Amino acid sequence: MKINLYRCGLIHRLDKYTSGLLVLAKNESSQKYLSEQFHKKTIKRKYIALIWGNLNLEKGVISGFIGRDPNNRKRMTIYNNKNCNINKGKLSITHYKVLERFKYITYISCKLETGRTHQIRTHFKYIGHPLFNDSVYGGNKIFFKRKLSKKNIDFFNVCLNILQRQALHAVSISFIHPKNGIFHFSIPIPKDFKIVLSMCRDQFHDYNNVPCNNI
């Protein structure tokens, strides 16, 4: 039997294997009230992620029209509507900031201006920096193998074995409660993500990876 998630009170979703916070409503009126905030983009969500590569900028914005990949129905892709005869996909906007750099991977935070399926994963794949161990978007293979020493290849293989999913975590969310004003919630980094993050700090301690507390 197919379950109607809307009737169950689910306001939004997380990708499979993405950890973090979800919002659920206890009754129909609250559900409509909170869903409207998502449509008006007043609900604030923040994610943290590990991506392959070293981003050139400390912060930036990624945008594009996201639609289903015609070559793989389990994956989304970016369409450049300027080069299309017909419009494809829906506009998506992600704001990102670098938190720490580990030479071959980067620790970032993301704020979503829109909420499309696989948005963060699709955006960073699009700019050549797929999420660490994202099997759908190619992040489950070690990048830059030709540049890496055997020591670092072995290191990343251990990390991939510990964090057996895309390195994406919904760390905080803010919204207006139907009766009690603005609510803000945050959740700690899960164990698998935290272990790999700590290992990267130890492995690349001599690189420019000063932690940023302002996630």
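Spin-label pair Asn180-Arg73: with each label point 7 Å from Cα along the Cα-Cβ axis, the two points sit 4.3 nm from one another.
When only the Cβ of Lys, Arg, Asp and Glu is charged (+1, +1, -1, -1), the dipole of region 113-187 relative to its Cα centre reaches about 360 debye. For Asn27 and Leu91, a Förster radius of 30 Å and the Cβ-Cβ distance give a FRET efficiency of 0.40, rounded to the nearest 0.05. Backbone amide hydrogens, once placed in the peptide plane, bring Gly53 within less than 5 Å of Ile105, Thr106, excluding anything fewer than 5 places away on its chain.
Relative to the longest principal axis of the Cα atoms of the chain, the long axis of helix 191-203 makes an angle of roughly 30 degrees.
Only Cα pairs under 8 Å and 6+ residues apart enter the sum, and on that basis the relative contact order of the chain stands at 25 percent.
Modelled label positions at Val158 and Thr117, each set 7 Å beyond Cα in the direction of Cβ, lie 3.9 nm from each other. Averaged per residue, the chain has 60 square angstrom of accessible surface, using a 1.4 angstrom probe with ligands and nucleic acids left out. Look at the alpha carbon pairs under 8 Å that are at least 6 residues apart: their mean separation over the length of region 7-129 gives a relative contact order of 26 percent. Across the options Gly181, Pro130, Trp52, the greatest Cα extent toward the positive end of the charge dipole of the chain (unit charges at beta carbon of Lys, Arg, Asp, Glu) belongs to Pro130. The portion of the accessible surface of region 105-215 made up by carbon and sulfur, rounded to a whole percent, is 52 (1.4 Å probe; DNA, RNA and ligands excluded).
A simple spin-label model places pseudo-atoms 7 Å from Cα toward Cβ; at Ser149 and Tyr207 they are separated by 1.3 nm.
Taking Cα extents along the principal axes in Å as the quantity of interest, determine which of [x] 46, 34, 31; [y] 57, 46, 38; [z] 52, 42, 32 was computed from the displayed structure. Label of the calculated value: [y]. Suppose we flag trypsin sites (Lys or Arg not before Pro) only when DSSP calls them loop and at most 13 other Cβ atoms lie within 10 Å. Which is the longest uninterrupted stretch of the chain? That would be 42-140.
Determine the relative contact order of region 109-215: mean sequence separation of Cα pairs under 8 Å and six or more apart, normalised by residue count, in whole percent. It comes to 18 percent, rounded to a whole number.
The values are calculated or read from the model by the stated rules, or taken from the named source; none is laboratory data. Keep in mind that what you see is a predicted model, and the values were worked out from it rather than measured. Glycine also receives a Cβ, built like all others from the backbone with ideal geometry; neighbour counts cover every protein chain displayed. Ligands, DNA and RNA are stripped out before the accessible areas are found, and what is left, the full protein with its side chains, is counted by its heavy atoms. Shrake-Rupley method; radii C 1.70, N 1.55, O 1.52, S 1.80 Å.
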